[in-house]
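Notes to accompany the following structure.
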Amino acid sequence: GVFLAVFLSSVVRSQAIDAVVHEAIGDASGRLLRAITPVDLETPMTGQRYERFDSFVRESIVSERTARVKLWARDGTVIYTDDPLAVGTKFPENENLLRALKGENAAEIKIPEAPENERERMLGTLIEVYTPIIFPGSTEPQGVLEIYQYYEPTAQHIRVVGRWVLLSVGVGFLVLYGILVNGVWRGWQTIVRQSQERRKIEEEMYFTSHLASIGEMTSGIAHE
């Protein structure tokens, strides 16, 4: 029961995080690709270009769970983020960014403490999702979309579903335990009844044997 509960809780947590990752992938492959071109990923966004794209992000990508959105160039430069002061900064050694630039999706739950997260540290625990930006007709990522999601709503969902899982497993095993106890009790009653019947039969057989012995002795005495 404990093993099953732990396993199911792990599955719930994994599925909740996967849902966040798939949401980010959908943003990158759908709405985002219709709003930018490869040229947009060559230089950091400023001025009216930044304002137009920022308006698009807030209307089409940002949700109540979204803490921050970033666009990265291939060289590790921040092309866009909803924090204008971070636009143009460069972090080429970001491990998850490098994975995304190889065409892989990457996700991590953490309290942002890395150098590139200096301006996100006040946001608490986040789910960082990196997904490659691959334009139609190309097979190589031209950049990376990073979405920071607040972890607490996901954690709350995991806790609620986890409690239902534990409750269901607990009730299920209590019912199973009750069935087993009932079976053992009935079996024990059968054993006791059979034992009593066997004892009665043995006593009757002993009495019959004893009477036979007395009869033989009486017959012997009478003969003598």
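The values are calculated or read from the model by the stated rules, or taken from the named source; none is laboratory data. Small disclaimer: the values here were computed from a predicted structure and weren't measured. All Cβ positions, glycine included, derive from the backbone under ideal geometry; neighbour counts span all protein chains shown. Surface accessibility is based on the protein's heavy atoms, side chains included, excluding ligands, DNA and RNA. Shrake-Rupley method; radii C 1.70, N 1.55, O 1.52, S 1.80 Å.
Would a scan of segment 68-80 turn up a residue that is open to solvent by less than 50 Å² (accessible area, probe 1.4 Å) and of a type in the set (Lys, Arg)? Working first, answer last.
Taking segment 68-80 first, the residues open to solvent by less than 50 Å² (accessible area, probe 1.4 Å) are 68-73, 76-80.
Still in the running and of a type in the set (Lys, Arg): 68, 70.
Yes; the residues of segment 68-80 include at least one that is open to solvent by less than 50 Å² (accessible area, probe 1.4 Å) and of a type in the set (Lys, Arg).
Within segment 156-168, restricting attention to residues that are without any contact (Cβ under 8 Å) to a residue 12 or more places away in the chain and not β-branched (Val, Ile, Thr), the residue that is nearest to residue 129 (Cα to Cα) is 156. One residue stands out in segment 128-171 among those that are part of a helix (DSSP H, G or I) and among the charged types (D, E, K, R): the one that is farthest from residue 75 (Cα to Cα), namely 163. Comparison of 190, 131, 208 shows that the only residue that is among the β-branched types (Val, Ile, Thr) and either under 27 Å from residue 40 (Cα atoms) or under 36 Å from the mean Cα position of the chain (by Cα) (or both) is 131. All conditions but one from (1) under 30 Å from residue 166 (Cα atoms); (2) among the β-branched types (Val, Ile, Thr); (3) surrounded by 18 or more Cβ atoms within 10 Å (Cβ to Cβ) apply to residue 2; the one that does not is (3).
Annotation: residue 81 fulfils all but one of (1) within 17 Å of residue 20 (Cα to Cα); (2) at pLDDT 85 or above; the unmet one is (1). Note on segment 145-193: residues that are more than 20 Å from residue 7 (Cβ to Cβ) and either surrounded by fewer than 11 Cβ atoms within 10 Å (Cβ to Cβ) or at pLDDT 90 or above (or both) total 16. Within segment 58-80, residues that are touching a residue at least 24 places away in the same chain (Cβ under 8 Å) sit with their Cβ atoms under 7 Å from residues that are acidic (Asp, Glu) and outside any loop (DSSP other than H, G, I, E, B), at 6+ positions apart or across chains, in these pairs: 61/27; 70/146; 72/146.
Does residue 58 satisfy being open to solvent by 50 Å² or more (accessible area, probe 1.4 Å), modelled with pLDDT under 85 and touching a Phe, Trp or Tyr at 6+ places or on another chain (Cβ under 6 Å)? Can you show your working first?
Working: open to solvent by 50 Å² or more (accessible area, probe 1.4 Å): yes; modelled with pLDDT under 85: yes; touching a Phe, Trp or Tyr at 6+ places or on another chain (Cβ under 6 Å): no.
It is false that residue 58 is open to solvent by 50 Å² or more (accessible area, probe 1.4 Å), modelled with pLDDT under 85 and touching a Phe, Trp or Tyr at 6+ places or on another chain (Cβ under 6 Å).
When 85, 97, 32, 41 are checked against the criterion of being over 29 Å from residue 156 (Cβ atoms), of a type in the set (A, V, I, L, M, F, W, C) and touching a residue at least 40 places away in the same chain (Cβ under 8 Å), 41 stands alone in meeting it.
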